[in-house]
Amino acid sequence: MSVSILVVDDEPDVADLFRQCFRRETRQGTFVMHFAVSGVEALDRLAGEIQPPLVAILSDINMPGMDGLELLGEIKQRHPNLPVMMVTAHGDDERRRRARELGAFEFITKPLDFDQLKEQLRPSQRTETLVRCYKRYLVSRITPITSSQKHPKQKLSVLIPAPGQITCPTSTAVLGRSCG
C-alpha cells in the first residue's frame, strides 16, 4: 500500500534531492512524494485531497513568508493528528523547544540522513510511535491524578480510557483509525 509524504521547502533543489533519495521507494510504490515551496502552498495542498493517504509532512523552518514554525502551528490547528517533522540547518535549543511546544513529531538537523529518515517512516516505526504516544498520554493522565487523589488506593484503570478512546498524533494519518 502506498502512502504520501509532503515535503515543504523553498529551495528547488530539495525536491530533486528527495526524488533521488526516495527513487527506489517511489518505484516500488511505498511512498508517493508531494512537494510545496511555501507554507501557503502546503496548506493549499492539505485543503485538497492528497492521495494516497498522507502519513507525514517534512517542513523546513527557514522559509520566506510563513516560516516552518508558523506552518506547524497552522497544520496542528487544522490536522492535529498529522505528524510534522521539522527540518533545519540550525538546530538550536530554542527552535527545538518551540517546535516541540507546537506539536512537532520530530526535529531533524540538516544534512539529512535519508536512511534514518526512511527508517522513521517505515510502517513498523509508525506503529512504535503510536505505542510511545499512548505511553505519553498515560503518564500525562496519571501524574495529575496521583498528585490530586484523595484516596491513594483508588484504581487508576477506571480513570484511564482504552486506547481507542484517545487521539494520538499519528493515529488517523498513519493507520486510518484511532489508536488501538
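The values are calculated or read from the model by the stated rules, or taken from the named source; none is laboratory data. Since the model is a prediction, treat every value here as computed from it, not as a measurement. Cβ: placed from backbone, ideal geometry, glycine included. Neighbour counts: every protein chain shown.
Residues in the stretch 65-79: is at least one part of a loop (DSSP other than H, G, I, E, B), at pLDDT below 90 and assigned by TED's automatic domain parsing to the domain that holds T26? Checking the stretch 65-79: not a single residue is part of a loop (DSSP other than H, G, I, E, B), at pLDDT below 90 and assigned by TED's automatic domain parsing to the domain that holds T26. Which residues, counting only those in the stretch 47-57, are more than 20 Å from E119 (Cα to Cα) and either assigned to a loop (DSSP other than H, G, I, E, B) or touching a helix residue (DSSP H, G or I) at 6+ places or on another chain (Cβ under 7 Å) (or both)? Passing the criteria: G48, E49, I50, Q51. For the stretch 1-25, a residue qualifies if it is over 27 Å from K76 (Cα atoms) and either not assigned by TED's automatic domain parsing to the domain that holds E70 or not charged (D, E, K, R) (or both), and the qualifying residues are Q20, C21. Going by what's in this entry, would L43 be described as over 17 Å from the mean Cα position of the chain (by Cα), aliphatic (A, V, I, L, M) and within 21 Å of L71 (Cβ to Cβ)? Judged against the criteria, L43 is not a match. Tally up the residues in the stretch 101-140 that are among the charged types (D, E, K, R), at pLDDT 70 or above and surrounded by 15 or more Cβ atoms within 10 Å (Cβ to Cβ), please. Number of matching residues: 2. May I ask you to list the residues in the stretch 80-118 that are under 20 Å from P53 (Cβ atoms) and in contact (Cβ under 8 Å) with a residue 60 or more places away in the chain? Scanning the stretch 80-118 gives P80, N81, L82, P83, G103, F105, K118. Taken over the stretch 60-113, the criterion of being over 13 Å from the mean Cα position of the chain (by Cα) and among the β-branched types (V, I, T) is satisfied by I61, T88, T109.
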